[in-house]
Every structure is written in C-alpha cells, then in structure tokens.
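What follows is a short report on a single structure.
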Amino acid sequence: MTTATVPALARSRSELRDLRGTGRVVFVPTMGALHEGHASLLRIARERAGADGTVVLSIFVNPLQFGPGEDLDRYPRTFDADLAVAAAEGVDVVFAPTVAQMYPDGVPHEGPDSAATEAVTVQPGPLGDLLEGASRPGHFRGVLTVVAKLFGLVRPDVAVFGEKDYQQLALIRRMTSDLCLGIEIVGAETDREPDGLARSSRNRYLDDEERRQAATLSRALRAAQERASYGVPAARWAAMGVIKAEPGVELDYLALTTTDLGELPDYPEPGTEGRILVAARVGTTRLIDNLPLQF
Ligand code: PAF
C-alpha cells in the first residue's frame with residue numbers, strides 16, 4: 001500500500017481485513033488523544049515501513065485495562081484531531097473499532113457479574129503484579145489481552161510502543177516472545193515537554209499549578225541519574241529529596257530496578273545499567289515516568 005495523505009478508516013474487523021496491505025506492516029497501538037509523543041512513534045513507524053509498507057494506527061480506549069473508579073469515562077477522546085495527526089504523519093490505515101468489535105461477548109472483567117467470565121485472556125505472570133500492577137490490579141491483563149487481540153487483527157511485522165510505559169513495554173516484549181508471536185517490538189524513547197514532563201494524554205487533566213508540580217517527577221528522576229554512580233541508596237535519596245520538596249506530589253512508588261525490572265543490589269558493579277520508575281498523583285491525576293540509570 002502506498003502512503004496516503006488521508007488515512008483509510010476501518011471501524012470493524014472486516015474493514016481492517018480489506019485494507020491490510022501486502023508489504024511490511026508497522027503498527028502503533030494507542031488509546032487516541034494523540035500528542036507529540038504519539039506523533040514521534042508514528043514517524044518511527046513510517047520510517048520502518050518504508051514507502052511500500054503500511055503504517056496502521058489503532059485508536060481504542062480499552063475498558064479492560066481500567067479498574068473500578070479509574071478514568072475510563074473521562075479519558076480524553078479527540079477523534080477528529082487524532083485523524084489530523086495520523087494524516088500529517090503519513091499513516092495509511094486508522095483502525096478505530098467499537099467495544100463490541102473488540103469484545104463481541106462483552107468485556108471480560110473479573111467477577112461474578114462479568115458478561116464474559118469464560119473468555120480467554122492473557123495473564124501477565126509475576127512481572128504484571130509489580131509496580132503499576134500492584135497499584136492497578138488487573139491492568140496488565142487488560143493491556144496484554146487487547147494488544148494480543150490487536151496483533152491478531154492487524155498482523156503486523158513490527159509494533160512500536162513508547163518507553164514511557166516501561167513496564168507495559170517489558171510485558172509486551174515478554175508476551176511476544178513467550179507466545180512466539182513473531183512480531184518485532186520497537187521501544188521509543190519518551191518524548192518530553194521543554195521542562196522535562198513526559199508527554200501523556202493524561203497531562204491535559206492538569207491545571208496550571210498541577211502542571212508545574214508535575215514537572216517534579218522528571219526532575220527527581222534526573223537527580224537520581226546524577227547520583228547513580230554512588231549506588232542505589234544515594235540515587236534513591238536524591239530523587240526522594242526532590243519529590244518531598246513538592247507537597248503537591250503524592251508519591252505512589254519510586255523503584256530502582258535492573259533494566260528488566262528485577263531487583264538491584266545496593267551497590268551494582270560499575271557500568272551496570274538500571275532503570276528508575278516513578279508513579280505519583282498530582283491533584284486527581286495519576287502520572288508515571290521512568291529513566292535509564294548507569295551505576
Ligand atoms: O499504551 C497505551 O496506549 C495502551 O495501553 C495500549 C498499548 C494501546 C493498549 O490499550
């Protein structure tokens with residue numbers, strides 16, 4: 001399929017089937033509310049697909065990955081603006097299915113009142129219970145299930161995900177490898193605002209004061225990066241100092257891990273790489289961020 005100025009729109013599985021090209025298919029799954037971070041993923045996808053390949057963007061706010069009381073209902077939906085971003089970035093196909101297209105038997109939430117408790121879903125294993133998984137039980141089951149379904153429908157050669165959702169990216173890599181899906185997973189560096197705030201669809205929930213406070217997270221991560229050569233306790237202490245100085249930021253977790261989210265010794269061998277991950281609430285908005293560490 002050649003690059004089109006206006007992407008073709010598929011609302012159903014059969015429409016998607018009719019539009020799938022024969023060349024290399026590069027896929028960017030999203031929940032819409034596209035921002036510059038998504039645009040940078042689409043640019044990577046366009047480059048990887050080449051002129052003869054097909055870039056597929058999906059826009060689907062997946063109910064299965066939202067817990068009770070989370071922001072499913074208020075999650076921003078900006079479909080027309082999303083289509084304009086897709087067109088500007090040379091996307092060939094936008095797949096924007098309905099909930100009924102993705103979950104014809106109902107959304108398989110846990111519990112006795114579920115419409116589809118017998119459905120097969122993807123269990124993330126122990127990595128899915130840490131960090132985001134501990135704060136948002138069932139979240140990664142929802143993410144992996146929808147990503148597996150989208151992979152089955154789009155059948156991409158390559159899929160591009162942002163590193164901002166670092167644990168999600170790690171789990172998608174793991175699922176793709178463990179279930180032998182044969183898809184190359186590309187992780188893209190987090191896109192940031194000039195003050196360091198990681199771009200996120202949820203940033204639009206923040207008022208001006210919260211927006212200022214939110215920049216604390218990336219400052220804390222950078223402070224840890226600067227102290228990493230002194231070991232884990234020093235790096236953690238540096239990050240905590242920045243967070244504690246901003247009372248508007250309510251910390252959920254701050255974790256220093258290996259690159260695959262395992263446990264680190266306090267004093268890793270010099271040169272060891274790791275990751276620092278943070279989640280915090282600013283006002284009513286829950287934000288996450290992470291950066292690499294070099295010990
Ligand atoms: O990162 C997201 O936007 C979502 O978790 C994803 C991967 C599109 C699955 O719904």
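What follows is calculated from the coordinates using simple rules that are stated; it is not laboratory data. Since the model is a prediction, treat every value here as computed from it, not as a measurement. All Cβ positions, even for glycine, are placed from backbone atoms using ideal geometry, and neighbour counts span all protein chains on display.
Dividing the helix sum by the residues of the chain, where each DSSP H run of 4 or more adds -39500 (n - 2.57), gives a mean residue ellipticity at 222 nm of -10500 deg cm²/dmol.
Cβ-Cβ distance of Gln294 and Ser12, R₀ of 45 Å, FRET efficiency by 1/(1 + (r/R0)^6): the value works out to about 0.45. For Leu293, nonlocal amide neighbours, meaning residues 5 or more places apart or on other chains whose placed amide H falls under 5 Å from its own, are Gly274, Arg275, Ile276. Summing Lys and Arg as +1 and Asp and Glu as -1 over all other residues whose Cβ lies under 14 Å from the Cβ of Leu217 gives a net charge of +4. In order along region 279-295, the phi-based Karplus estimate (6.51 cos²θ - 1.76 cosθ + 1.60, θ = phi - 60°) of 3J(HN,Hα) comes to 9, 7, 9, 10, x, 9, 9, 9, 10, 10, 7, 6, 8, x, 10, 10, 8 Hz; Gly and Pro are listed as x. When the alpha carbon gyration tensor of the chain is reduced to an equivalent ellipsoid, the three semi-axes, largest first, read 32, 21, 20 Å.
Based on Cα contacts under 8 Å between residues 6+ apart, the chain shows a relative contact order of 16 percent. Per-residue 3J(HN,Hα) values for region 91-101, derived from phi via the Karplus relation 6.51 cos²θ - 1.76 cosθ + 1.60 with θ = phi - 60°, read 5, 8, 9, 9, 9, 10, x, 7, 4, 5, 5 Hz in sequence order (x marks Gly and Pro).
Peptides 137-150, 226-239 ranked from most to least packed by the mean count of surrounding Cβ atoms within 10 Å: 137-150, 226-239. Computed over the alpha-carbon atoms, region 58-103 gives an Rg to Rh ratio of 1.03, Rh here being the Kirkwood radius from the mean inverse distance. Extension gain, Val99-Lys244: 0.36 nm per intervening residue step, less the Cα-Cα distance, totals 48.1 nm.
Considering only alpha-carbon pairs that sit under 8 angstrom and 6 or more positions apart, the relative contact order computed for region 1-86 is 37 percent.
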